[in-house]
Amino acid sequence: MDAVTDLVIRHAREEDLAPAGALCVEVYVGEGHSKPDGPYAELLGDARRRAEEAELLVALDPAGGPGAVLGCVTFAAGGNPWADIAEPHEGEIRMLAVARAARGRGAGGALVRAAMARSRELGLTGMAFSTRPQMTAAHRVYERLGFHRAPERDWEPAPGVGVIVYSITF
């Protein structure tokens, strides 16, 4: 499993919002997973909105300073407007992003585990979420944590933009 002894995982605070938004844009747009203009790029950068309307979890370097936000993920329970695919009994993650320099430290896995714990705290019985087919490193993290492909739930958030679904039952 992922080693996370040197990371802090918590709900985002005011000082985390701008770095978390910039990180999402850097990862999704910078690595070619999203177009640089348009409404989705705006959502990626708007960490404040995600923190207010859903939950925003961050992975931090405990030493702090520049680059302290190493990763972030948006969590929403089914029925929340931020939940695209989750049913009412499920939690969902969106916009999982880990800084390139921090990959391999376990931040992605730690954020997903924190979302799983949050789902359980809320009494939810599973999770489901969408991911791009080419995000294979993330798929390996999900599979290590017990998620499995749910191809019957795959969908297109926009014409020609296919996403695949992973899910787990607790």
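The values are calculated or read from the model by the stated rules, or taken from the named source; none is laboratory data. As the structure is a prediction and not an experimental result, all values here were calculated from the model. Backbone-built Cβ (ideal geometry, glycine too); neighbour counts: all protein chains shown. Ligands, DNA and RNA are stripped out before the accessible areas are found, and what is left, the full protein with its side chains, is counted by its heavy atoms. Shrake-Rupley method; radii C 1.70, N 1.55, O 1.52, S 1.80 Å.
Here are the numbers for this structure:
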read-out: Single condition ASP84 does not satisfy, out of (1) under 28 Å from ASP154 (Cα atoms); (2) free of Cβ contacts under 8 Å to residues at least 60 places away in the same chain; (3) of a type outside the set (Gly, Ala, Ser); value: (2)
read-out: Residue match in segment 149-159 (condition: in contact with a His (Cβ under 9 Å, 6 or more places away or on another chain), open to solvent by less than 40 Å² (accessible area, probe 1.4 Å) and either in contact (Cβ under 8 Å) with a residue 60 or more places away in the chain or of a type in the set (Gly, Ala, Ser) (or both)); value: no
